[in-house]
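Trainee: Structure provided below as structure tokens; questions to follow.
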Amino acid sequence: DQALRGVLGDQIVSTFSSLFHSSHVGICSATTPFVLLGDVLDCLPLDQCDKIFSFVEENVSTWKSNSFYTAGKNYLLRMCNDLLRRLSKSQNTVFCGRIQLFLARLFPLSEKSGLNLQSQFNLDNITVFNKNEQESTLGQKHTEEKEDGMDVEEGEMGEDDAPAPCSIPIDYNLYRKFWTLQDYFRKPVQCYDKVSWMTFLKYSDETLAVFKSYKLDDMQASKRKLEDLRASGGEHVYFAKFLTSEKLMDLQLSDSNFRRHILLQYLILFQYLKGQVKFKSSSCVLNDDQTTWIEETTKVVYQLLREIPPDGDKFATMVEHILNTEENWNSWKNEGCPSFVKERYIDDKPKRPTRKRQAPEDFLGKGPDRKIFMGNDELTRLWNLNHDNMDACKSDSREFMPSLDEFFAEAIEQADPANMVEDEYKVVRNPNYGWRALRLLSRRSPHFFQPTNQKFKSLADYLDSMVSKLAKELPKDIPSEEIKTGEEDDDDNGDNLLKDSNDSPSIQSKIVTNQQMDDIAAKLGTRWKTLASHLEMKAAEMREIETESEDVDMQAKLLLVTWQDREGTQATVDNLVAALNAAGFSQIAHSLSET
């Protein structure tokens, strides 16, 4: 099993290469290789994921091509995020950095998902150190060193092993103040607070004084240390997290790399405090004393960077150049991250006039009697049946939809009790006939869209009801006596709405118009709630009207529109006049009835 796993593991990269080639030639979809790649990385351990991710890094130009970018960018982003969640920032620092660099190469600079537009800080990066002075071992350490130093005779210690002279002793107060500064580097907004700024100012002065007092490693010692690292295979050293042990404090203060890290943090902090950031609060402003202190301290920090071996001057110059370049990125983000792609220059030279295309009537119909030849005798005959094909489509001979009286004549005749046709033999029981009847009613009959509170168990029952209504409206020459199919009980069941709409067609001509609603809304104004109760509006509907608009005239208009949508064909002038009279708006009701 292990041997098989090893063989398959070596073939995974070649398999994916073949799979992406298959997608490129169209054998499979462009998203299939990315889906399989994400599934494989989810199943493999981290050491094998490292090997497969090397394949992903090497082909970043392929993923950015038109064939794969649109289809695979979301899958690649999800795959990288899943890997970052599995990796440890302190144990797998290199792998995490490779993933971040890959995403930076894959997506364009203007990709909003990869930009910190609001200048947010990583507040989860908390530096943990000993905050209990009673548990500190710094005092004990100095006491033991002093006792041990008395037993050493003069000349027994070599020159290279001699400790660096120190003018400021390392105690717990220095340890606490030094590591407390990391909280200000983590959250620079604290510096705008007066109390926090005084604390930061005091601790910074003491820390920079320590940097001036402690002797740095000389050039020879730095070169010797670098040679030792190269010999042990550790040329590239990564510091994912600060080590805050009290026992390492004296070694850290005299280490050149550590000192560069701290001083660079100061420069980054100062640049943020002085810079113009779009999303800064209005209270985040430095006063004159703070600005002066920052400018003087910046000079001190650059001077300390130049004194740090090796290549202090070169390192300080490079840092200053990078921070100046960072100002351009801040300006770009403040402007809303515009695209770096410039629009193509448009030439203002006059264009050469193009030849006008001929209209169809200029080159068609050149034969006798303006006959259009279609290349086939039958097509030519059909095309020339009418000079205007649109008029031919609208002619009466193209009307194939039957009328209501023709289609429902048989159903009306069968519905007559005198004919004694049993229900199972009626045409309304035929599903095919029922489907055609519904389509015809939706196109020809107004009863199809009228609301009713009568419930039907089947389509045949509904069609029986419609046949009864149509029999009363169709011309009298159709043989239909007074049909009694049980629909006369509609009044007893409360279906007066449908009957009123059939017996009183004049009501439909008195539907409240939009102009009438505008006039009534302007007259009602703030008194629209009084009318709402008489229109049977619910409290929820009234709250919704108030939230949609703050204008009282618009609220009154929304009230009338809501009432009209709910009532449908019953939203008539007479019903609205009755509601206005009941609400006490007799003058408005009188003006409405006159219109």
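Trainee: Can you tell me which residue in the stretch 220-250 is farthest from Ser90 (Cα to Cα), limited to those that are open to solvent by 80 Å² or more (accessible area, probe 1.4 Å) and at pLDDT 85 or above?
Mentor: Lys247
Trainee: Also, I was wondering about something else. Restricting to the stretch 447-472, name every residue that is open to solvent by 40 Å² or more (accessible area, probe 1.4 Å) and in contact (Cβ under 8 Å) with a residue 40 or more places away in the chain.
Mentor: Pro451, Thr452, Asn453, Gln454
Trainee: Additional query: Among the residues of the stretch 275-301, write down those that are touching a residue at least 24 places away in the same chain (Cβ under 8 Å) and in a helix (DSSP H, G or I).
Mentor: Gln290, Trp293, Ile294, Thr297, Thr298, Val300, Val301, listed by residue number.
Trainee: Any chance you could count how many residues in the stretch 25-47 are closer than 22 Å to Arg78 by Cβ and open to solvent by 70 Å² or more (accessible area, probe 1.4 Å)?
Mentor: Of the residues in the stretch 25-47, 5 are closer than 22 Å to Arg78 by Cβ and open to solvent by 70 Å² or more (accessible area, probe 1.4 Å).
Trainee: While we're looking at this one, here's another question. Looking at the stretch 430-446, which of the residues that are surrounded by 15 or more Cβ atoms within 10 Å (Cβ to Cβ) and among the small types (Gly, Ala, Ser) is nearest to Glu567 (Cα to Cα)?
Mentor: Filtering first and then ranking leaves Ser445.
Trainee: Let me ask something additional. Give me a count of the residues in the stretch 62-74 that are part of a helix (DSSP H, G or I) and either open to solvent by less than 40 Å² (accessible area, probe 1.4 Å) or touching a helix residue (DSSP H, G or I) at 6+ places or on another chain (Cβ under 9 Å) (or both).
Mentor: 7
Trainee: Something else about it: Of the residues Thr15, Thr93, only one is of a type in the set (Ser, Thr, Tyr) and farther than 30 Å from Ile126 by Cβ; which?
Mentor: Thr15
So that you can scan it fast, the table gives a plain yes or no per residue for (1) open to solvent by 70 Å² or more (accessible area, probe 1.4 Å); (2) modelled with pLDDT under 85; (3) not assigned by the TED database to the domain that holds Gly434:
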{"site": "Met374", "(1), (2), (3)": "yes, yes, yes"}
{"site": "Glu378", "(1), (2), (3)": "yes, no, yes"}
{"site": "Leu382", "(1), (2), (3)": "yes, yes, yes"}
{"site": "His387", "(1), (2), (3)": "yes, yes, yes"}
{"site": "Met390", "(1), (2), (3)": "yes, yes, yes"}
{"site": "Lys394", "(1), (2), (3)": "yes, yes, yes"}
{"site": "Phe408", "(1), (2), (3)": "no, no, no"}
{"site": "Ile412", "(1), (2), (3)": "no, no, no"}
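Trainee: Got a sec? Which of Ile52, Ile126, Ile99 is part of a loop (DSSP other than H, G, I, E, B) and at pLDDT 85 or above?
Mentor: Ile126
Trainee: If you take just the helices (runs of 4 or more DSSP H) that sit entirely in the stretch 135-219, which of them hold at least 3 residues that are open to solvent by 40 Å² or more (accessible area, probe 1.4 Å) and modelled with pLDDT under 50?
Mentor: Result: 138-150.
Trainee: From the list Ser88, Ser67, Ser119, pick out the single residue that is closer than 23 Å to Asp39 by Cα, out of contact with any Gly (no Cβ under 6 Å at 6 or more places or on another chain) and at pLDDT below 85.
Mentor: Unique residue meeting the criteria: Ser67.
Trainee: Further, regarding this structure: Out of Lys523, Lys557, which single residue is modelled with pLDDT of 85 or more, outside any loop (DSSP other than H, G, I, E, B) and open to solvent by 90 Å² or more (accessible area, probe 1.4 Å)?
Mentor: Lys523
The values are calculated or read from the model by the stated rules, or taken from the named source; none is laboratory data. Please read all numbers here as calculations on a predicted model, not as lab measurements. Note: ideal-geometry Cβ built from the backbone for every residue, glycine included; neighbour counts use all protein chains shown. The protein model used for the area step is the full one, side chains on, heavy atoms only, and it has no ligands, DNA or RNA in it. Shrake-Rupley method; radii C 1.70, N 1.55, O 1.52, S 1.80 Å.
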